[in-house]
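Scroll down for the structure; my scribbles are underneath it.
The values are calculated or read from the model by the stated rules, or taken from the named source; none is laboratory data. Since the model is a prediction, treat every value here as computed from it, not as a measurement. FYI the Cβ positions are ideal-geometry reconstructions off the backbone, even for glycines, and counts take in every protein chain you see.
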Amino acid sequence: MIKAVLFDLFETLITESPVNPTRASRLGETLGLDQEAFRAAWKARRPRVVLGQLSFVEALTEISATLSGTSDAAAIRRICDRRIQEKAAAYAHIDEEVAALVADLRGRGVALAVVSNCFEEDVLEWPACALAREFQCTLFSFAEGVAKPDPEIYWRATHRLSVDPARALFVGDGGDNELAGAEGAGLRACRARWFTGNRLRDPSPDAPAGGCRGREDVLQLVDTG
């Protein structure tokens, strides 16, 4: 039986669809920079931001200085504040069936963790989210200095939950090659499909292997894994 479930955060526990936040790669024009040049510069720096080696503010400041010879500190601060606000807005909209799934797992005594590749700004408001108190630990890439699909981040989560990786399930939408990373770390993995085309409240008996379309799909994996 599965003893622990590790959840991805965005588009697994939380969906940003109602908020439609601004993507970091599209901020060039906001900063008065050539969009394509900004996109390339951002793509080169994003991995360091995700790993906490460079802050979001530092990345935007560095890109601005490189592309234009100067940077607008006030504009960059506004962009960062907006990102925090947009993430907070997403946390305020909890899907009822996701909440029910988490409650079902807690009721079965399953240990729970959040494992997310993110910037610091993305999770500043997570503690205020109604789901946050249900999780024993959170592993955010910028704070851990390691990101999915590196096996280390999954091992850290199972270690903190005192569970063998073979007795843990990772549930995520599949971004950043996270499912293969979980399997490579010795966990079972399931693609969360409820926010990517198939609602959690509409489970399908013909869900493809490795895909969880409903609450019962996840609970069945927990019971039989």
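Quick check on my filter: what residues within segment 130-140 are in contact (Cβ under 8 Å) with a residue 24 or more places away in the chain, out of contact with any Lys or Arg (no Cβ under 7 Å at 6 or more places or on another chain) and either more than 17 Å from A4 (Cβ to Cβ) or among the charged types (D, E, K, R) (or both)?
A130, F140
Yes or no, residue by residue, for (1) more than 20 Å from the chain's Cα centre (by Cα); (2) small (G, A, S); (3) buried (at least 20 other Cβ atoms within 10 Å of the Cβ):
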{"position": "S68", "(1), (2), (3)": "yes, yes, no"}
{"position": "A90", "(1), (2), (3)": "no, yes, yes"}
{"position": "A132", "(1), (2), (3)": "no, yes, no"}
{"position": "Q136", "(1), (2), (3)": "no, no, no"}
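Quick one: count up the residues across segment 84-119 that are more than 26 Å from S162 (Cα to Cα) and touching a Phe, Trp or Tyr at 6+ places or on another chain (Cβ under 7 Å).
2
Across segment 157-189, what is the number of residues that are surrounded by 22 or more Cβ atoms within 10 Å (Cβ to Cβ) and under 27 Å from S17 (Cα atoms)?
9
So how many residues does segment 144-177 have that are in a loop (DSSP other than H, G, I, E, B) and within 16 Å of the chain's Cα centre (by Cα)?
Total satisfying the criteria: 8.
Can you tell me how many residues within segment 178-198 are outside any helix (DSSP H, G or I) and of a type outside the set (F, W, Y)?
The qualifying residues number 12.
When you go through (1) crowded, with 17+ Cβ neighbours inside 10 Å; (2) within 30 Å of S55 (Cα to Cα); (3) modelled with pLDDT under 95 one by one for T196, which number turns out not to apply?
Single failed check for T196: (1).
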